[in-house]
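Only the coordinates and a few stated rules stand behind these numbers; no lab work does. Note that the coordinates shown come from a computational prediction; the quantities given were computed from them, not determined experimentally. Because the Cβ atoms are built from the backbone with ideal geometry, glycine has one as well, and the counts that use them run over all protein chains shown.
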């Protein structure tokens, strides 16, 4: 008997067949890894101040500089580039679109999605996530997806999350990544993955489960010192009771079960929630998303991510003010941040592992299928998406990440030596003459190599090891 | 100087102390936990009696020989005195060694190591190893700390053509600067060279659970057995945040406890003579709410359980004042009270090493009380 899923898969394959035969000029439709790696483009780099500013902005708004990026940004102007990135729908993105389109899992809904194995489901989403990070021109959109995926962390090993995270990624995180915080929070609060991960589905009248209510206040909105009490947590749990995932029929679809909702009067953060209303969840989301502590908490996290681990209080206040005035408009909030002097002059920031991997792939124009072998490296590096167990998301601090250099060195060596199945690079053009190599090296870290560094790198016998060592440079660990 | 190796095991998520060291003689226990309680000893799936009042979860059976040999002790109703019920605030403060005070720039373990081994740990790699993937604060400020996932993974990748020493030599030179990252790089290279030697030696396979935690505890034993000067290490066992369906004698929590117990029992056996030099401490950020919730789980609570094991432990005993589970003994909103501060508990082994006068260097402004005597005086 043919299941609904295998039927869908069959249909998908058939249409892909049509595509591939009709569009031979679109080689990315065929297995990306089977292609010869694109040769690494010649880099122009003169060490000018403008180039350095462009490089700085690229390092913060993208997953790393590709060989041709700096010239492009300089020709369109930095403020135009920032503006485009804040409006991703304005940027053509065919390549990433078609690459990801082939992964039909990420378009599926519950309950169809349960016909996959949990492992296939979440790995397909990881593959799509990495492919977008490598190939999408809408880089800031992808960065913000990562930011919110941490903020509203879902651990794929818990309950049904391996499947439901796919819906969460599409309908909550991705949809609202540059939208309104309140919409994002509402989508997350009613996301089947979140209801499963933080046990909201088990939260019922007279049978309260505080897990989600606590993290909603502590991690998603006000922050641990944001001014709520244990009583607020318990009252919020009451307000959220009755929101459930279907279990059997329509598994993975969310419903509000009024018989399981606590209709008593509540008081949360000093605000009365009258008895017998069924809009408690909306009222609570409105209350906490517009709370000044939330503006401060979200702005602090954004400044930490995009500027530095210790952003100035002035910058945080300025960003928080815009967040509050724009009623949580993420795009407008980021605009203030990116236009600040502090952002433009921010000191180097230690790359998190995902950024490190992506920046290496992009720096050498590697081709990759984001397959099992690459994801294994990402796991060893410590930042496989959707694999962080606790609801705080992957840490954003050099202190945490900089103790783990060995996996980075191992990734660099394997990448430059073409040892990662499904990932390939062609470094030969760099071999042609010393000048080409030096220009490439300089563009990578935006300064000349020191004599000591040059000597160390020249100890290597071939171009692959030389590039591996460039990717191991202490300076390349920073963005 | 003491040869003692400190092994910290962190049960991340808030382990339910009441179902680990179970007060089976308290009638209240069964009333507040109608579905997840564990029955008294000698019943099917009942607890294993410790002292006529407490019994341990049956999944901890592999630890009974250690307890009977007086090398394992439990401490009940212990915890971090903050009341936010937040995993993240609790761990941060515990690992910094504070409860509400201004945040120090180093972890308590770092300050402890600075007192007992004032020579710079950089002088020799692998003296302090962090296995924790959590953003732990324990080793913050302890420059020479190595981060490992497991010992057998700690190798440099081979390049295609050139030989490995080449790349290692180049890396040595690239990371020769004195920045923090340079130090980490040098430390990594030193450790790589040392671990290579350990891995070359033939390692005896042991019956550790085939899990990340089991592998890591095995790695710790191999490092101790290789005599490379390990002083302190920290490992995580995750998954204790049991808001739903935590199970009782069987189920989610039981399988975690079984992983924990089998790992520790195998570890002690693997170490043989060296077990006497080890102090193993198991702790968590908080215990859980005394009454079960409607999802057959438990909410975040306060008082929890700690384990102490090793050659110098005065084991075979459950330490701590038992506050009881009567309604008026629980603290809001229904948690087991804390009768021993986590800093008091850690002082049990810290004081014999550094003296009572030094304790506020490790736990700022903390007023130490009378020792419980969990460790044999030295």
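Just a few scattered comments:
- Shielding value for B:174-185 is 5, the average number of Cβ atoms from other chains within 10 Å of each residue's Cβ.
- On Cα atoms only, tilt of B:164-174 relative to the major axis of chain B in degrees: 90
- Most mobile listed residue (B:170, B:347, B:86) in chain B, GNM with C-alpha springs under 10 Å: B:170
- As computed over region A:45-137, the Cα convex hull volume per residue (Å³): 109
- Net length gained if the chain between residue B:64 and residue B:272 were fully extended (0.36 nm per residue, minus Cα distance): 73.2 nm
- Shape category assigned to region B:176-272 from the gyration tensor of Cα positions, a/c cut at 1.5: oblate
- Sequence-separation-based contact order of chain A, relative, with Cα cut under 8 Å and 6+ spacing, percent: 19
- Between region B:70-100 and region B:41-60, the C-alpha centres lie 25 angstrom from each other.
- Peptide A:218-225 - average C-beta neighbours from other chains (10 Å radius): 2
- Span from the region B:131-192 Cα centroid across to the region B:273-331 one, whole angstrom: 36
- 0 to 90° range, to nearest 10: angle between helix A:49-61 axis and chain A longest Cα axis: 40
- By other beta-carbon atoms within 10 Å, ranking A:197, B:175 with the fewest at the front produces B:175, A:197.
- For residue B:227 and residue B:116, the FRET efficiency from 1/(1 + (r/R0)^6), where r spans their Cβ atoms and R0 equals 22 Å, is about 0.75.
- Where N is the number of residues in region A:292-344, Cα Rg divided by 2.2 N^0.38 Å: 0.95
- The translational diffusion coefficient of chain A, from Stokes-Einstein at 25 °C and 0.890 mPa s with a Kirkwood hydrodynamic radius over alpha carbon pairs, comes to 103 µm²/s.
- Most mobile listed residue (B:73, B:254, B:294) in chain B, GNM with C-alpha springs under 10 Å: B:294
- The angle between the Cα long axis of helix B:212-225 and the longest principal axis of the Cα atoms of chain B comes to about 60 degrees, rounded to the nearest 10.
- Here is the size of the protein assembly as shown from its Cα atoms: Rg then Dmax, 27.7, 83 Å.
- For region A:108-213: rounded, prolate or oblate by the Cα gyration tensor [a/c cutoff 1.5]: oblate
- Kirkwood Rh and Cα Rg combined as Rg over Rh, evaluated for chain B: 0.98
- Overall Cα dimensions of region A:194-346, principal axis frame, Å, largest first: 55, 35, 23
- Taking a ≥ b ≥ c as the square roots of the eigenvalues of the Cα gyration tensor, an a/c ratio of 1.5 or more together with a/b no larger than b/c marks region B:20-83 as oblate.
- Using a cutoff of 8 angstrom between alpha carbon atoms and counting only pairs six or more residues apart, the relative contact order for region A:369-463 works out to 26 percent.
- Remark: region A:186-243 projects, on average over all directions, an area of 3.5 nm² (convex hull of Cα atoms).
- For peptide A:473-479, the mean count of partner chain Cβ atoms within 10 Å of a residue's Cβ comes to 3.
- Most fluctuating residue given options B:158, B:71, B:218, as computed from a GNM of chain B linking Cα atoms under 10 Å: B:158
- When Rg and the Kirkwood radius Rh are both evaluated on Cα atoms of region A:341-479, their ratio Rg/Rh stands at 0.98.
- As a rough footprinting exposure proxy, the listed residues B:183, B:283 were ranked by other beta carbons within 10 Å of their own, and the order from fewest upward is B:183, B:283.
- Taking the centroid of alpha carbons for each part, region B:207-228 and region A:60-86 are 48 Å apart.
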